[in-house]
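For reference, the structure is listed below as structure tokens.
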């Protein structure tokens, strides 16, 4: 999925950073510095929940889009928390994209009911 999103960003000339499970430590740090720089041209940060969250701080991000949710709800919560770090000055919006009429849709709706979150199916 990250490869498809990366291709989309390339086609639209959208500057992005990316961390997945194959990204080495030096590249991870370089990508985060580039994204969080005050005048950064990097508008999108593609991040796999499988990349591991150690040291990832995306406090300059104010929109989080989750696609292809992890079946472990903690992974998705950690992904959202990366944008809610100390230093965040903007309101953070979280979007969870779910395919209609799937088991995933039912799981997300149940989770939203448990957490008393707003959930809308489009």
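None of the figures in this text is laboratory data; all of them are computed from the coordinates on show. This structure is a prediction, so every number in the text was calculated from the model and none was measured. We place every Cβ from the backbone using ideal geometry, glycine too, and count neighbours over all the protein chains shown.
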| Given the Cα-Cα distance of residue 89 and residue 10 and 0.36 nm per residue of separation, how much length would full extension add, in nm? | 25.6 nm
| Based on the alpha-carbon gyration tensor of segment 2-115 and its eigenvalue square roots a ≥ b ≥ c, which shape applies: rounded if a/c is under 1.5, prolate if not and a/b is larger than b/c, or oblate? | prolate
| If you average the sequence gap of Cα pairs under 8 Å that are 6 or more apart and divide by the length of segment 2-115, what percent do you get for the contact order? | 22 percent
| note | The residues 42, 17, sorted from fewest to most surrounding Cβ atoms within 10 Å, come out as 42, 17
| field | Calculated FRET efficiency for the pair residue 25/residue 105, C-beta based, R₀ 25 Å, to 0.05 | value | 0.10
| task | In whole angstrom, note down how far apart the Cα centers of segment 74-103 and segment 1-51 are. | result | 16 Å
